[in-house]
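One structure is given below, encoded as structure tokens.
The values are calculated or read from the model by the stated rules, or taken from the named source; none is laboratory data. Keep in mind that this is a model prediction, so the values were computed, not measured. Don't worry about glycine lacking a Cβ; one is built from the backbone with ideal geometry, like all the others, and counts go over all protein chains shown.
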Amino acid sequence: MQTQAQIYRSVRHKQSALPALSAWQHAGQKLEVDRWIARVDFEWNDPIAPRFARWRESGFDIEACLETDEHGWDLVGVDTIGEFQNRWVPGAIAHDRFNNRVLDWFVPANASYAQAHPVYGQAQYKRACAYGHDWDYLVLTVKAIRADVELGVAVLGGIESDSDEDFVTESVFDLTAEAIQTAGLKLRELCGEC
């Protein structure tokens, strides 16, 4: 297993613009996640969605599920990438009609910035056109269960399917802590100090 210093050097090499403190904090988080993976023997059942994992932690059976987020574009994509529409507005990009879409314009989420920086607008347009073919939004759900009773749930939606695997694993780590905390509170509420 790598040390925090080794991870830090690797991060700084890959992302030289990242401030040193941020790189050090990222390295510490990565090291903590790596130790957690080894401790609970975390592993997905499959490399493609839907993905499932099960393990025991802190007296709970934990289940994680990473699956396609059917509402991801409406909940996240429109606000972060943009939307297709029939009305032109400043910054809108003419939509290619040969890809079976019926709307005439793509409006990037930050249309005024896209108007000033056309490369940004084109990148957002290409990303939007690739949605559903090259990538999707995913939703991650982590449940804490005891005696077949679901006591804690933590959810994160809007994860891009081509996100870095480390990001997804760190999200599982964070949501697991949240689900366990919720489950512990629920147990105390249900049966006092069991």
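So the values come out like this:
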{"quantity": "Check on ALA53, of a type in the set (A, V, I, L, M, F, W, C) and outside the structural domain of LYS126 (by TED's automatic domain parsing)", "calculated": "yes"}
{"quantity": "The lone exception for MET1 - which of (1) surrounded by 13 or more Cβ atoms within 10 Å (Cβ to Cβ); (2) under 24 Å from THR176 (Cα atoms); (3) not basic (Lys, Arg) it fails", "calculated": "(1)"}
{"quantity": "Matching entry among LYS143, LYS186 (being assigned to a strand (DSSP E or B), in contact (Cβ under 8 Å) with a residue 12 or more places away in the chain and not hydrophobic (A, V, I, L, M, F, W, C))", "calculated": "LYS143"}
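For (1) assigned to a loop (DSSP other than H, G, I, E, B); (2) polar (S, T, N, Q); (3) surrounded by 16 or more Cβ atoms within 10 Å (Cβ to Cβ), each residue gets a yes or a no:
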| position | (1), (2), (3) |
| --- | --- |
| ILE48 | yes, no, no |
| ALA53 | no, no, yes |
| GLU67 | no, no, no |
| TRP73 | no, no, yes |
| VAL76 | no, no, yes |
| TRP88 | yes, no, no |
| TYR113 | no, no, no |
| CYS129 | no, no, yes |
| HIS133 | yes, no, no |
